[in-house]
1. What is the Cα coordinate range of segment 155-194 on the first, second and third principal axes, sorted by size from largest, in whole angstrom?
2. Take peptides 156-162, 206-212 and line them up by average Cβ neighbours within 10 Å, highest first, as a rough protection proxy.
3. Within 13 Å, Cβ to Cβ, of Leu134, how many net charges do the neighbouring residues add up to if Lys/Arg are +1 and Asp/Glu are -1?
4. For each of Leu181, Leu120, Leu164, count neighbouring Cβ atoms within 10 Å of the residue's Cβ, then give the residues from fewest to most.
5. At 0.692 mPa s and 37 °C, plugging the Kirkwood radius over alpha-carbon pairs of segment 158-236 into Stokes-Einstein gives what diffusion coefficient in µm²/s?
Amino acid sequence: MGKISNKILKKIEEENIKPIGKWSFVLKNSFLWTLFGLNILFGSLGFAISIYLFESSDILNLILSVNDFMQVLVLAIPTVWVVLTLAFLIVSYLNFRYTERGYSLSFSKIFFINIVAILLIGGILNAAGVSERLNTVFSEGISSYSQSIDPRYKIWNNPSGGYLAGSIVSIEGGSIEITDLEGNKWVVITSDARIRRAVGLIEGEKIKIIGNVLDEGTFEALEILPWEGRGRIMQEKQF
């Protein structure tokens with residue numbers, strides 16, 4: 001035992017090995033915990049925006065009106081935000097794994113903690129309206145964001161399939177004129193349409209419409225929904 005100790009001491013002297021200070025461990029641990037917290041936060045924001053975009057696509061309402069539900073379901077999934085959420089989930093797991101307490105927990109426990117944290121915080125952020133505000137900021141600040149990430153631009157840009165969306169340009173008796181998501185003008189017949197309570201049918205308002213193409217540039221509305229639709233109660237109006 002004495003020989004081993006002497007060898008270790010001799011090696012320390014020869015290589016001038018110095019002990020690592022306590023503050024080094026404290027700083028490293030603090031850094032890892034900070035990264036863990038940030039990744040949980042970003043993962044939660046990604047999950048919250050995913051929920052918001054999924055709800056805004058009115059996917060639950062479309063279940064009752066389409067034959068190919070799986071196709072609409074796939075289109076309604078905000079893929080980019082889901083992928084980012086998973087990426088932040090994995091990174092947060094790795095960060096927590098190397099913290100002081102992370103070594104004592106199994107893979108399943110750490111992963112469970114991360115998932116619960118992201119789901120819980122993401123749900124709260126979405127309920128508080130943070131996801132909607134962030135999505136608006138991204139839409140206004142990034143030119144290609146809406147068309148490439150927001151699933152509503154895929155689902156509700158299909159007039160021939162019965163789904164049309166756009167901004168109201170003018171209103172006349174029994175019809176409105178809108179500019180769709182690609183800038184095309186449409187006359188929409190609204191006389192027999194069911195209209196959600198949240199829809200005001202005012203100029204400049206953005207709406208989603210379920211119906212049928214009558215001829216080029218003319219669309220018959222069966223149901224009109226708010227652009228930010230979240231399953232609100234319907235009522236019938238006549239225009």
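1. 27, 19, 12
2. 206-212, 156-162
3. -2
4. Leu120, Leu181, Leu164
5. 271 µm²/s
Computed from the coordinates by the stated procedures, all read-outs in this text should not be read as laboratory data. Predicted model, so just to flag it, every value in this text is computed and none were measured. Ideal geometry is used to build each Cβ from the backbone, glycine not excepted, and the neighbour counts take in all protein chains shown.
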